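Below: one structure, written as structure tokens.
The values are calculated or read from the model by the stated rules, or taken from the named source; none is laboratory data. These numbers were taken from a predicted model, which means no experiment stands behind them. With ideal geometry, Cβ positions are generated from the backbone for all residues, glycine too; neighbour counts draw on all protein chains shown.
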Amino acid sequence: MNSNNPLTKWLPFIGALLITGGILLGYFIAGNRSQTPFQQKLNRLYDIIENDYVDEIDLDSLLESQIPSLLKSLDPHSSYIPAADLEEVNGELEGSFGGIGIQFQVMNDTICVVEVITGGPAEKVGVMAGDRIIAVDTINLINRHISDEDVRSMLRGEKGTHVTIKVKRNNAAKPLMFDITRGDIPMISVDASYMIDPKTGYVKVNRFSRTTFGEFLQAISQLRYLGAESLIIDLRGNGGGYMEPAVLMANEFLPAYSKIVMTKGRDADDNSTILSDGTGAFTDMPLVVLVDEFTASSSEIFSGAIQDNDRGLIVGRRTFGKGLVQRPIMLPDSSEVRLTVQRYYTPSGRCIQKNFQRGKADEYDDEIIERYNRGEIFNADSINLNTAEIFHTMNGRTVYGSGGIMPDVFVPSDTTGYSSYYVNVSNAGLLQKYAYELADLNRDEFSKAKTVDELLKMLPSDATLLQSFVSYAAQKGVPARWHYINISAGLIVNYLKALIARDTLGFSASYEIYNSRDKVVEQAMKLLSDGQAEIPVRYERLKNNDSQEIKEDE
């Protein structure tokens, strides 16, 4: 990107905004500097505890246990990360970690390899999908209860270190041993990218890490090469991450000098407005962005920029409302404080952060549950629009403040097919277990499939697949109750097919099947087909288009 572009000059500043600062902890490490009365009081309190308390106390451990509570009392997102956890926490945002390169599931206390990352250390030595890990180094894992976190702690490690795993493979008479040298394993941000119809591309982005923009740009460029004339970007469940990739993504769709995001804090001199630089390669492509109540932070920056610039349509449900900027500050022991220093605002001036009360973290965390309880997730009429905070998009459309991004077109949560039977088999993990075992038993045949359509032709009929699963579930303790099974039949069969596709062809293939029954994707396709996501958005045509659309006061 040209260094003279208006966006480029903000990139160093973007990095500095990313997650928290430790001003308060100066009280604990004031040293010989002039101390405030509060610092003197705090130091005196620690002296009293150290010298006079009835039991001997490790003051370092005491401080360590109190820092998270101190920061949590400020706001919901200021946080403390101990030195021991910092590398793993940062690994997810930096886009890679040290490991062997597998996706796994723990089923019946057995570590099952679901996917082997192409080019990763495990693939290079011959580990295959379907292998069951029965030992790591000298630790025997047969008939041993183990969690996902236990597995990760054993398999992850510094690049260049060794780990030995023993696996059981269906077509091998004896267990196989693999000595693996750990390497850098990418944390993939784009779960799926495919042509949903001959003219529409679909991209699912699961997080915003250092590598997200590169992955995203490659995905949409490939989709355009395949014939995509419009795009659906799925940010549902995306909790955010770094701001920079969200800004760069928005830049690809906006004309020059469009506002992308604003930040404001205590010091007005530090406030900023980030603009697009006019180098975007997709500024004329019709666009729909999918969101839900778990879409947060950087995802809301991108969604807000698209909505406020009338660049595309936002479809789904109101987003989470996480608009606080944290800055990371390293402490002397290599731990880190992430302190809120600013708030994010959309181009129209809306604050993304939803309301919160200091010291009431439980209420903040339960706000999503409250949305369910009052019916907002299922009915647009139950949404409490804050008519006291009215803003306007570039084309004059009315949008509302008070946290989160309200969709242009509301689509309720789809509970079609839910029944007590479906809930029981889901909670027991039987859908995943059955799909994995079926894929494993037929791996040689299924591996011949190169596309979802080819794989689906190899699977049993829907009726046979359902009956087989019901029999399997009954053997595992969930009795067949056909009244409830028939209610959930379509959902169960579709989910099983998606899981089998994931275990055979990868995550992108599973989304091709998931989305075939997805009401939000269906609505997005309808809007694109009807030309309602053209540029600029013709909002007048949306007003009476759908009874589920958010109504606004004129």
Quiz item: Quick one: is D462 modelled with pLDDT under 90, farther than 25 Å from D234 by Cβ and of a type in the set (D, E, K, R)?
Solution: no
Exercise. Might you check whether a residue that is outside any strand (DSSP E or B) and either at pLDDT 95 or above or touching a strand residue (DSSP E or B) at 6+ places or on another chain (Cβ under 7 Å) (or both) occurs anywhere in the stretch 259-269?
Key: no
Practice problem: Scan the stretch 224-237 for residues that are more than 19 Å from Y514 (Cα to Cα) and in contact with a Leu (Cβ under 8 Å, 6 or more places away or on another chain) and jot them down. | Solution: S230
Quiz prompt | Residue that is farthest from the chain's Cα centre (by Cα), among those in the stretch 109-128 that are modelled with pLDDT of 80 or more and of a type in the set (G, A, S) | solution = G126
Self-check item: Residue ranges of helices (runs of 4 or more DSSP H) in the stretch 140-252 with at least 1 members modelled with pLDDT under 90 and not aliphatic (A, V, I, L, M)
Solution: 148-155
Quiz item: Given the conditions (1) modelled with pLDDT under 95; (2) surrounded by fewer than 24 Cβ atoms within 10 Å (Cβ to Cβ); (3) farther than 11 Å from I405 by Cα, which single one is not true for V337?
Solution: (2)
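Can you tell me which residues in the stretch 401-414 are modelled with pLDDT of 90 or more and out of contact with any Phe, Trp or Tyr (no Cβ under 7 Å at 6 or more places or on another chain)?
Within the stretch 401-414, I405, P407, D408, V409, F410, V411, D414 qualify.
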Quiz item: For the stretch 180-190, does any single residue satisfy the condition of being in contact (Cβ under 8 Å) with a residue 24 or more places away in the chain and closer than 21 Å to S348 by Cβ?
Solution: no
Quiz item: For the stretch 70-108, what are the residues that are modelled with pLDDT of 85 or more and surrounded by fewer than 16 Cβ atoms within 10 Å (Cβ to Cβ)?
Solution: S73, L74, P82
Quiz prompt | Selection count, the stretch 361-393, where residues are touching a helix residue (DSSP H, G or I) at 6+ places or on another chain (Cβ under 7 Å) and either more than 24 Å from K259 (Cα to Cα) or surrounded by fewer than 19 Cβ atoms within 10 Å (Cβ to Cβ) (or both) | solution = 5
Self-check item: Spans of helices (runs of 4 or more DSSP H) in the stretch 287-399 with at least 3 residues polar (S, T, N, Q)
Solution: 298-308
Quiz item: Quick one: F446 ticks every box in (1) surrounded by fewer than 17 Cβ atoms within 10 Å (Cβ to Cβ); (2) more than 18 Å from V425 (Cβ to Cβ) bar one, so which box is it?
Solution: (1)
Quiz item: Residues in the stretch 73-80: is at least one within 21 Å of N206 (Cβ to Cβ), touching a residue at least 60 places away in the same chain (Cβ under 8 Å) and charged (D, E, K, R)?
Solution: no
